[in-house]
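Each value in this text was obtained by applying a stated rule to the coordinates, not by laboratory testing. Keep in mind the model is a prediction, meaning the values are calculated, not measured. Note that each Cβ is placed from the backbone with ideal geometry, even for glycine, and that neighbours are counted across all protein chains shown.
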Amino acid sequence: MLRLAEGKRMVKYALVGGLNTGVDFAVFCVLVYGAGMASIWAQVLSYGAGLINSYMWNRSWTFQVKRQHKAGEIIRFLGVNLLSFAAATAMLLGLEQWGTGSVTAKAVSAALSLAVNYAGYRIWVFRKPAVRQGVSE
């Protein structure tokens, strides 16, 4: 059974995910429809904006990390997102190859991406420092 604290963390993660999607979509629309930017470049910038939003909110609110930002943490965060993107894309394309409709395949791949990101953030990116002999690292 999930602990209450972990359940709350998962709800926060889902809310941040919704916010990230909103940021991504809003920035994309402003760049494409407001600034006339090509969609490929707008996609890169809007995804980046969502990624920055995700890092800041998940770090401070979802996982409540209090220590200073470190380059290693940011690199791990980007690595988890790259792994998640690759896994989701492979799932999407694989399901489509097996005859699954694009929307269904996208939904399944998004669920996989959410799971990979949450596990990666929780276990590797925003983990609590180890405590040795009463001193935290």
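Summary table below
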item	result
For the chain: span of alpha carbons on each principal axis (Å, largest first)	55, 38, 25
Under Karplus coefficients 6.51, -1.76 and 1.60, residue-wise ³J(HN,Hα) of segment 24-30 in Hz, glycine/proline x	4, 5, 5, 4, 4, 5, 4
DSSP-assigned coil residues among chymotrypsin sites (Phe, Trp or Tyr not before Pro) in segment 36-129, each with at most 12 further Cβ atoms within 10 Å	W98
Mean separation of Cα contacts under 8 Å, 6 or more apart, over the residue count of the chain: relative contact order %	21
Cross-link table K12/K128; K70/K128; K12/K70; K8/K128, entries beyond 21 Å C-alpha to C-alpha	K12/K70
Taking segment 1-81 and dividing mean pair separation by its residue count, relative contact order in percent (alpha carbons under 8 Å, at least six apart)	32
Exposure rule at most 12 other beta-carbon atoms within 10 Å, DSSP loop trypsin sites (Lys or Arg not before Pro): the chain longest free segment	71-137
Within the chain, helix-based [θ] at 222 nm, where runs of 4 or more DSSP H residues each add -39,500 (n - 2.57), nearest 500	-23500 deg cm²/dmol
Translational D in µm²/s for segment 1-64 (Stokes-Einstein at 25 °C, 0.890 mPa s, Kirkwood Rh from C-alpha pairs)	195
